[in-house]
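Here is the structure we will look at.
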Amino acid sequence: MGSTAVRAQVNRPTGRGQAGDVRGTLLSKACGLFGIVAMLGACTASSIDRATAQYDAVEHQIALGDAKDQVLSILEPTQASLPRNARKKPDRYLKDGVHVEIFYMRTSHQRDGITTDDEFTPYIFNDGKLVGIGWHLIGGIKSHAQVRPRSDPPLGFGHRRIIIY
């Protein structure tokens, strides 16, 4: 009787492909990280859009003279989904014996990568009562969104450059 030998083939790294494997692994990790960062940016944008839409749905419920607790119970839930970097902290100070508080609600979104005053509406309270809504009462907007100009003039019909005067 003849014996049949069964050989097991073992894949062993030869050393030649290891550097390529490491580069491929690093590249796939980098791509994955980039994807996560891009998704987080999209999540931030969608949470801002969601917050501004919720604000739009309830802002009509607010009236001058309303108590601070009543106003904030309506407005703050609209801001709950906002990440910390998409919010603006309230200002609080005393002026002529009056306790002034200014709460900023996210009411718009400019897709320019920065958070500026023109994306918020201030609600001004004196001694716990709403006395004003808007920037005009506190000296106007301090920072504005930046428009990013196109680096190339737009292409027209037949891919000719359009000159805009």
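I need R50, R106, R84, R92 ordered by Cβ neighbour count within 10 Å, fewest first. Intermediate values should be presented prior to the final figure.
Numbers: R50 14, R106 23, R84 6, R92 11.
The order, fewest Cβ neighbours first, is R84, R92, R50, R106.
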Measure off 7 Å from each Cα along the Cα-to-Cβ vector at D96 and H136, then give the distance between these two points in nanometres to one decimal. 2.0
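Can you sort E119, E76 from fewest to most other Cβ atoms within 10 Å of each residue's own Cβ?
Numbers: E119 23, E76 11.
Ascending Cβ contact count within 10 Å gives the list E76, E119.
Can you sort H109, H60 so the residue with the fewest Cβ neighbours within 10 Å comes first?
Values: H109 18, H60 8.
The fewest-first ordering by Cβ neighbours comes to H60, H109.
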Find how much the distance from A63 to S108 grows on full extension, using 0.36 nm per residue of separation minus their present alpha carbon separation; answer in nm with one decimal. 14.2 nm
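So, R0 is 25 Å and r is the distance between the beta-carbons of K129 and N85; what FRET efficiency does that work out to, to 0.05?
Numbers: r = 31 Å, r/R0 = 1.23.
My answer for the efficiency is 0.25.
All of the numbers you see were taken from the coordinates with simple rules; none came from a lab. Here the structure is a predicted model, which means the values were calculated and not measured. All Cβ positions, glycine included, derive from the backbone under ideal geometry; neighbour counts span all protein chains shown.
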